[in-house]
Amino acid sequence: MTGPLNHLKVLDFSTLLPGPYATMMLADMGADVLRVEAPDRLDLTRVMPPHDGGVSTAHTYLNRGKRSVGLNLKAPGSVERIKALVADYDIVVEQFRPGVMDRLGLGYEALKAVNPKLIYCAITGYGQTGPYRDRAGHDINYLALAGVSSHSGRQDAGPPPLGIQVADVAGGSHHAVMGILAAVVHRQQTGEGQFIDISMTDAAFALNAMAGAASLAGGAEQRPEGGLLNGGSFYDYYRTGDDRWISVGSLEPQFCARLCEVIGQPELKSLGLSQDPAHQQQLKSALREAFSGRSLAEWEQIFADQDACVEPVLTISEAAEHPQLKARGMVIDVARPEGGVQRQLGHPIKFSATPCQSRFIGRTLGADNPSVWPSEADDSGAG
């Protein structure tokens, strides 16, 4: 393993998306991740379609580079097995509701007694405290409660169900990784482990950034299509003549001028630079008409050599073939256990000295039981 985290060992009890995405990032960066799963309660991502070679693509991606053991945590002897592992591990990641691991005898205090240097990260929808700590939720609920949905989408259509899970990934996964790595640095300086409480709702609330800063400082509440960056200006998407879409982000004066020149209407520049909402709407109407006159491919060719912040809206398969993403290594081949490779999304962080490595796709449940517990019988709850 060549990544910058190749000295860390992670015990992963998480399921679905937020925790597995976080531990996948750690595995890509070199950490030795061992995933512990219930053999009688399959993680949904193992079975959800689509499948490739009979295996869910969600599972093979989110769990790449991780070893897998099957263990019923409620079975006799399971707590002792986990505690024996924890003595040699640096990090625990779990995604149960608050109190579940405590009731199993595997909460932070119980594991800290075994390994005082342990870093324990719990990812939940609403956090370990507060009136919603035990409440069920999903990405769409966290975004709604965090205020993100209130200023997303269109005035006449309401907030959209997004194509990616922002609270789960940008909120839960990425903040979990940041918290874990910060705790690793702290431990290197002090020798102390600690508990990390990640709430996906907290993280989504923090993502409000500029709109949130303005609102909390007494400014106007941002509404859909009411701000510079959420559809209230000409910074927007436009339908092309072949029912595709193109993005326009030409906010700065030089980019706005170039945009207007390229579409053959340089006189529109003054509208783009105006803060008057009526002028912004005039420009948006002119851009809608202009972009509807040609196909996306034609506009791509027209703007190919123009520094105007105008780019096509691509599908994922189109993006995978884009020369920029290909040059960045964002589509990679990951080894299958039976031979061959599977194409997957690459790791987005590029290290000069310790490059990331995606070693193999997600493994079958319990594939590593024999190597982790070679002397223990299979009937002890491993499944």
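The values are calculated or read from the model by the stated rules, or taken from the named source; none is laboratory data. Nothing here was measured: the structure is a model prediction, and the numbers come from that model. Quick reminder, even Gly has a Cβ in these numbers, built from the backbone with ideal geometry, and neighbours come from all protein chains shown.
Details
- Hits in segment 35-54 (condition: buried (at least 18 other Cβ atoms within 10 Å of the Cβ) and among the hydrophobic types (A, V, I, L, M, F, W, C)): VAL36, ALA38
- The residue pairs whose first member lies in segment 46-74 and is on the phi > 0 side of the Ramachandran plot, whose second member is surrounded by 19 or more Cβ atoms within 10 Å (Cβ to Cβ) and of a type in the set (D, E, K, R), and whose beta carbons are closer than 9 Å, counting only pairs six or more residues apart or on different chains, are GLY65/ASP28.
- All strands (runs of 3 or more DSSP E) inside segment 290-383 with 1 or more residues being closer than 24 Å to GLY70 by Cβ: 331-335, 341-345
- Within segment 147-178, the set of residues being surrounded by fewer than 17 Cβ atoms within 10 Å (Cβ to Cβ) and polar (S, T, N, Q) comprises just one member, GLN155.
- Check on LYS269, of a type in the set (Lys, Arg) and under 24 Å from SER150 (Cα atoms): no
- Residue, surrounded by the most Cβ atoms within 10 Å (Cβ to Cβ), within segment 250-275, restricted to residues that are touching a helix residue (DSSP H, G or I) at 6+ places or on another chain (Cβ under 9 Å) and not in a helix (DSSP H, G or I): SER250
- Here VAL55, VAL36, VAL47 are screened, and the one residue that is β-branched (Val, Ile, Thr) and at pLDDT 95 or above is VAL36.
- Residue list for segment 184-214, restricted to those being among the small types (Gly, Ala, Ser) and buried (at least 16 other Cβ atoms within 10 Å of the Cβ): GLY193, SER199, ALA203, ALA204, ALA211, GLY212
- Verdict on ASP242 being under 16 Å from the mean Cα position of the chain (by Cα), charged (D, E, K, R) and either farther than 23 Å from ARG97 by Cβ or buried (at least 18 other Cβ atoms within 10 Å of the Cβ) (or both): no
- The condition (being crowded, with 17+ Cβ neighbours inside 10 Å, hydrophobic (A, V, I, L, M, F, W, C) and out of contact with any strand residue (DSSP E or B) (no Cβ under 9 Å at 6 or more places or on another chain)) is satisfied by just one residue among LEU85, LEU111, LEU181, LEU118: LEU181.
- In segment 219-271, the residues that are in contact with an Asp or Glu (Cβ under 8 Å, 6 or more places away or on another chain), under 19 Å from GLY293 (Cα atoms) and touching a residue at least 60 places away in the same chain (Cβ under 8 Å): ILE246, SER247, VAL248
- Members of segment 306-334 that are within 19 Å of ASP28 (Cβ to Cβ) and surrounded by 15 or more Cβ atoms within 10 Å (Cβ to Cβ): ALA320, LEU325, MET330, VAL331, ILE332, VAL334
- Test result for GLY219, at pLDDT below 95 and more than 30 Å from ALA31 (Cβ to Cβ): yes
- Picking from residues in segment 121-143 that are small (Gly, Ala, Ser) and out of contact with any helix residue (DSSP H, G or I) (no Cβ under 7 Å at 6 or more places or on another chain), the one that is surrounded by the most Cβ atoms within 10 Å (Cβ to Cβ) is ALA122.
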